[in-house]
Every structure is written in C-alpha cells, then in structure tokens.
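First the structure, in the form of structure tokens, and then the observations on it.
Every number in this text was worked out from the coordinates using simple rules, so none of it is lab data. Values in this document were obtained by computation on a predicted structure and should not be read as measured data. Neighbour counts run over all protein chains shown; Cβ positions are idealised from the backbone, glycine included.
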Amino acid sequence: MKISSDKKSSIRILGLMTGSSADGLDLCLVEFSGNGESPEYKILFSTEIPYPLTFQSAFLNPLELNDKQIEIFDEDLGQWFADEISKLELEFDIIASHGQTIKHEPPQFTLQIGDPKYMARRFNVPVIYDFRSADIEQGGQGAPLIPIVDRLLFQQADENVLALNIGGIANLTVIPALNNKHPLLAWDTGPGNTLIDKAVRIYSNHKLNYDPQGSIAAQGKLNRKLLDHLLKHKFYQLPPPRSAGQEQFGNKYFMSLLKQFYPNSQQEFKDLILTLTVLTGRTIATSVSTIAKKYSPKSMFVGGGGYKNISLMNILKQDLPGINIEGVKLKGVTEDNKEAFGFAYLAYLKIRSLPGNIPSVTGARHEVILGKSYSPDL
C-alpha cells in the first residue's frame with residue numbers, strides 16, 4: 001500500500017496494545033492528518049476486549065512457556081487478533097500491533113508475539129509490529145516507547161509536566177517545557193499493578209484479577225518489615241535508562257515473597273495487598289523526587305488501569321503534595337486507550353519515515369525508525 005506524503009492527506013491506523021497485566025486487548029482507531037511529527041489526530045473508536053482464560057493464564061507467567069508453546073501462542077494470538085477485529089467492522093489503512101511481550105532482556109533481545117500475517121491477509125492492509133527491536137539493536141532498552149507519545153500529548157510552552165502510566169509495570173515520563181533545554185526523560189519506576197494483581201488472585205481464589213478501586217488495600221495495614229524487604233530489590237538502585245518486566249517482578253519473584261511473608265489470615269492478605277500498593281506508590285514518588293528540583297513539575301497525567309485504584313492514587317497524592325494528579329482526558333485520548341493510541345502514533349511515525357525512539361530515554365546510540373512492516377501480499 002502506498003501512503004501519500006501530501007501534508008493534507010489523512011490515514012487511519014488501528015492501534016493494538018496488550019500489556020504486562022495480560023488481561024486483554026486495547027484497541028484505538030486514530031485518523032492522523034499531516035506528515036510531520038506533530039500531526040492532527042482524531043480518535044474514531046476505542047474499546048477493550050478481555051483475553052480468553054487460556055491466554056490470560058499463559059501470559060501472566062510468560063517465562064514459564066517453552067519454545068514450542070510460544071510458537072503455538074504466536075499463531076493463536078495472531079488469529080485471535082484478526083477474529084476480534086473483524087467483529088468490529090472498522091475501516092482502517094494500517095494496523096499497529098504491539099503484541100504480547102513474552103521476554104524482554106535488553107540489550108540482548110525482546111520478544112512480542114501475535115503473528116501479524118493473519119491480520120494483514122484478513123484485512124488486506126500492512127501491519128506494523130515489533131516496535132522494540134530496532135532500539136535494542138542500537139544498544140537501547142527498547143522501552144519505554146510511549147514517552148514520545150507523551151511529548152505529543154502533554155508538552156506545554158512554559159511548564160514542565162509528568163506523565164505516568166500504571167499498567168503491570170509503572171513508567172514515568174518527564175516532559176520539559178518547550179522553553180526548557182533539559183532533555184525529556186523516562187524510565188520504569190518498578191511494579192505497577194503486577195504484584196498487587198497476583199496477590200488479589202490468591203486472596204479471592206481467582207474470582208478477582210485486580211483490586212477494584214483499591215478497596216481491598218483500603219482494609220489493610222502496612223507491613224513495614226515487608227515493605228523494607230521489597231524496597232531492597234536491586235532494580236531500584238539502577239539509574240535510568242532502565243526497564244522492567246516479568247524478569248524482575250514476575251511469578252518467580254512473587255512466589256519467593258510468599259515463602260517469606262505468606263499471609264496466615266484474610267486480614268494479613270489485606271495487609272499484603274496494601275503493602276504492595278504502597279510499594280508501587282512509593283517507588284513512583286521516589287522517582288519523581290529525583291528530578292523534582294531540576295524540573296519542578298506541578299502536574300502529572302496518569303494513564304493505565306492503576307489510575308482506577310483509589311488507594312494507590314491517594315498514596316501518590318499524599319507522597320507528592322505539590323503536584324496536581326489527574327487522569328488522561330485529551331481529545332478522546334483517555335487513561336484506558338492512551339497506550340493503544342500510542343502505538344498507532346508510532347506506526348504513523350514509521351510510515352512518515354520519522355524516528356520513534358528517544359535516546360535520552362532508552363539509552364540507544366541513535367534515533368531510529370521503529371517497527372517492521374508485514375505486507376498483505378507476503
């Protein structure tokens with residue numbers, strides 16, 4: 001498919017995002033107009049589709065999958081993406097698919113699955129996928145990639161602001177004002193919802209996959225001994241650029257915590273869930289404090305499922321009293337669809353031959369165009 005370079009041309013891109021929470025697929029259909037790095041955009045549609053239980057259970061513990069299982073899930077997930085999109089009867093020119101992360105070990109490799117050929121052939125459009133590898137090949141972390149999206153959405157003329165996404169992992173973006181010569185910075189702060197969700201599943205006998213509005217945490221008491229132990233994780237000592245995933249905060253790590261601090265009652269489970277919630281909030285606040293004097297941000301825009309955790313938001317407001325904390329609501333971009341929108345934008349950058357990474361964020365040697373393209377005629 002040939003994409004016009006006419007500045008007045010518009011293109012519809014369907015962004016797909018599946019995160020480390022492994023709860024389902026977020027979709028966002030965006031119409032971009034222009035050909036520069038700051039195009040006009042319009043959100044035409046967005047939704048969330050829950051994963052089947054087979055996907056959810058497998059992708060929650062991806063490091064336990066063997067090569068054959070990964071190969072099968074790659075095919076099955078690609079077909080499932082195509083099947084679910086076809087039910088929506090949408091019109092688009094390109095699909096941008098992040099895929100489900102199975103392994104992420106920069107600077108060696110990264111692996112996201114969800115074979116693009118099924119979508120390309122079903123809808124006869126190119127599929128842009130594998131967004132992280134090009135950055136890793138330049139010595140970068142391959143993450144986080146959303147900061148360039150944060151710059152598009154939130155950069156202001158004379159005020160430095162923060163963008164925070166709380167999915168399975170939490171990541172922070174520091175966006176300098178247009179009149180500020182300091183660089184844009186971003187890094188993973190540590191676990192977002194991943195440890196909380198794991199504890200909630202056991203507490204609820206798998207009836208719940210997350211703490212609804214932080215209501216379970218609100219009934220707990222802080223276990224200071226556990227919190228002190230959690231904060232000793234070596235990840236928090238690493239300077240940015242840094243990225244995290246199941247390798248650091250996955251099932252193996254969580255099970256080791258349970259061996260040392262297994263709750264012996266319902267109340268102790270609530271205490272565990274609160275303490276894990278405090279961990280997420282505390283590590284985010286600590287990251288903010290490292291740049292507070294240099295950038296003096298007064299606003300933070302929060303996306304991801306963690307924004308709906310009232311207990312977590314209250315912890316952040318308590319630990320960051322000088323910062324106004326609010327959800328993402330900007331021209332149709334919300335806390336729910338921001339990352340799916342983000343990968344649609346990264347695909348837009350690719351087709352306009354514009355770089356999608358920020359070396360000051362990922363640690364890459366150079367700016368590079370991100371993503372590979374799977375053509376429907378392959």
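Numerical summary
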| read-out | value |
| --- | --- |
| Span from the the range 232-303 Cα centroid across to the the range 29-57 one, whole angstrom | 28 Å |
| Alpha carbon centroid spacing (whole Å) that separates the range 327-362 from the range 132-148 | 13 Å |
| Farthest positive-ward along the chain dipole, Cα basis, beta-carbon charges - from Gly36, Ile85, Leu226 | Leu226 |
| At 1.567 mPa s and 4 °C, Stokes diffusion of the range 1-133 via Kirkwood alpha-carbon radius, µm² per second | 82 µm²/s |
| Net charge dipole size for the chain [Lys, Arg +1 and Asp, Glu -1 on Cβ; Debye, nearest 20] | 1060 debye |
| Estimated distance in nm for a label pair at Ser38 and Asn124, the labels positioned 7 Å out from Cα along Cα-to-Cβ | 3.8 nm |
| Net charge over other residues, Cβ less than 11 angstrom from the Cβ of Leu354 (K, R count +1; D, E count -1) | 0 |
| Max mean-square fluctuation residue, GNM over the chain, Cα-Cα springs under 10 Å, options Asn179, Asn264, Asn314 | Asn264 |
| Taking Met300, Met17 and counting other C-beta atoms within 10 Å, the order from fewest to most | Met300, Met17 |
| On Cα atoms only, tilt of 67-88 relative to the major axis of the chain in degrees | 70 degrees |
| The chain: most fluctuating residue of Asp74, Asp158, Asp130 per GNM, C-alpha cutoff 10 Å | Asp158 |
| Label selected from (i) 61, 51, 35; (ii) 95, 46, 39; (iii) 72, 46, 36, the criterion being Cα extents along the principal axes in Å as computed here | (i) |
| R0 of 45 Å, Cβ-Cβ distance Gln213-Leu178: FRET efficiency to nearest 0.05 | 0.80 |
| Alpha-carbon centroids, the range 157-185 and the range 83-127: separation in whole Å | 28 Å |
| Structure-based [θ]222 nm, the chain - -39500 (n - 2.57) summed over DSSP H runs of at least 4, per residue, nearest 500 | -10500 deg cm²/dmol |
| Cα-based equivalent ellipsoid, the range 147-330: semi-axes from gyration tensor eigenvalues, Å | 30, 16, 14 |
| Degrees between helix 266-289 axis and first principal axis of the chain (Cα, 0 to 90, nearest 10) | 60 degrees |
| Footprinting exposure proxy for Lys293, Lys103 (fewest neighbouring C-beta atoms within 10 Å first) | Lys293, Lys103 |
| Label zone at Ser9, where the point sits 7 Å out along the Cα-to-Cβ direction: the range 30-44 residues whose backbone N lies under 14 Å | 32-36 |
| Under 5 Å, built H, 5+ apart or other chain: amide partners of Gly190 | Ala170 |
| Neighbour-count order for Thr173, Thr286, fewest beta carbons within 10 angstrom listed first | Thr286, Thr173 |
| Cα-based helix-to-principal-axis angle, 338-351 vs the chain, degrees rounded to 10 | 30 degrees |
| Distance in nm between pseudo-label sites at Ser204 and Glu91 (7 Å out along the Cβ direction from Cα) | 4.0 nm |
